[in-house]
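Just so you know, all these numbers are worked out from the coordinates, no wet-lab data involved. All values reported here derive from a predicted model rather than from experimental measurement. Note that we place each Cβ from the backbone using ideal geometry, even for glycine, and neighbour counts take in every protein chain shown.
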Amino acid sequence: MARQVRRAFKYRFYPTGEQAAELSRTFGCVRLVYNMALEERTRAWHDERRRTGITSLVTLSTGEKIANPRHERRDRARLAKAQRELSRKAPGSANRDKARRKVARVHARIADRRRDFLHKLSTRLVRENQTVVIEDLTVANLLKNHRLARAISDTAWAALRTMLEYKCAWYGRDLVVVDRWFPSSKLCGTCGTVRAKLPLDVREWTCGCGAVHDRDVNAARNILAAGLAVTACGDGVRPQRDASRTGRSSAKQETQRAIAGTSRP
């Protein structure tokens with residue numbers, strides 16, 4: 001059987017002045033097209049992040065946005081490589097067992113980094129505030145969106161809520177959980193008007209009263225106002241809106257463990 005041999009050749013040429021000018025113009029055009037394509041790709045990437053709305057892990061009522069570290073995404077290439085190596089090993093072999101442990105170590109690294117970040121964040125929030133107000137998110141339903149499932153899983157909102165619950169009990173803080181149907185994003189914090197629709201790709205919107213709202217910051221401030229109303233007056237401070245489908249109060253009453261169970265006596 002004939003064996004194919006690949007050879008590489010190197011050439012060097014010395015262009016004339018006219019040729020050098022033409023090459024310079026050509027390279028300049030190529031560089032311009034490449035930079036334009038790179039700019040368009042970057043813009044599309046930022047638009048996709050704004051559309052999904054998972055750029056921030058937590059948005060505080062002060063306007064501070066705590067970015068999502070994306071721990072899984074940072075180790076995605078390493079995890080994919082380890083899983084490919086595992087799939088090529090023979091079942092029951094010692095090499096497959098080694099490859100399985102390698103995949104497990106990558107998963108453990110991702111989980112440990114995420115857990116460490118959430119512990120530091122939850123401890124900071126509990127220590128700096130006497131009352132912590134959060135929104136009751138149905139993470140299981142959010143994961144049904146296959147375009148956002150990976151990003152939502154990487155945020156670990158359920159784990160953050162669990163940490164806030166028991167740390168509020170440790171430090172004697174009040175934890176209020178606002179009902180999931182409370183229109184926090186669509187509610188204008190200035191005049192109280194509720195928008196009929198607010199698609200996920202709309203990150204900023206202007207109310208009829210002239211107030212310009214950042215979607216996440218406005219929602220955080222409305223959630224805080226509703227939570228403080230529950231703590232101070234037992235609700236009833238902010239009128240019930242039609243956007244609340246259940247017609248219940250703004251605090252999620254059935255979650256006694258998160259509301260009454262973590263409050264100070």
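Our estimate of slack between Phe9 and Cys191, defined as 0.36 nm per intervening residue step minus the Cα-Cα distance, is 58.2 nm.
Protection proxy ranking of 121-132, 94-105, 177-188, by the mean of other Cβ atoms within 10 Å over each peptide's residues and highest first, is 177-188, 121-132, 94-105.
With 18 Å as the limit, the listed pairs Lys120/Lys167; Lys65/Lys167; Lys120/Lys144 have Lys65/Lys167; Lys120/Lys144 beyond it between alpha carbons. Placing R0 at 41 angstrom, the Cβ-Cβ distance between Glu64 and Ala104 gives a FRET efficiency of 0.70 after rounding to 0.05.
Extension gain for Glu85-Thr206 works out to 38.4 nm (0.36 nm per residue, less the C-alpha to C-alpha distance).
With viscosity 0.692 mPa s and temperature 37 °C, the Kirkwood radius over alpha carbon pairs of segment 95-142 converts through Stokes-Einstein to a diffusion coefficient of 238 µm²/s.
Projected label points at Arg115 and Thr16, each 7 Å from Cα along the beta carbon direction, are separated by 7.3 nanometres.
For Lys89, the aspartates and glutamates whose Cα comes closer than 17 Å to its Cα, not counting residues fewer than 8 places off in the same chain, are Asp97. Shown is the FRET efficiency for Leu143 and Leu32, computed with R0 = 35 Å from the Cβ-Cβ distance and rounded to the nearest 0.05: 0.25. You can think of it this way: the chain between Thr123 and Arg43 has 25.3 nm of extra reach, that is 0.36 nm per residue less the Cα-Cα gap.
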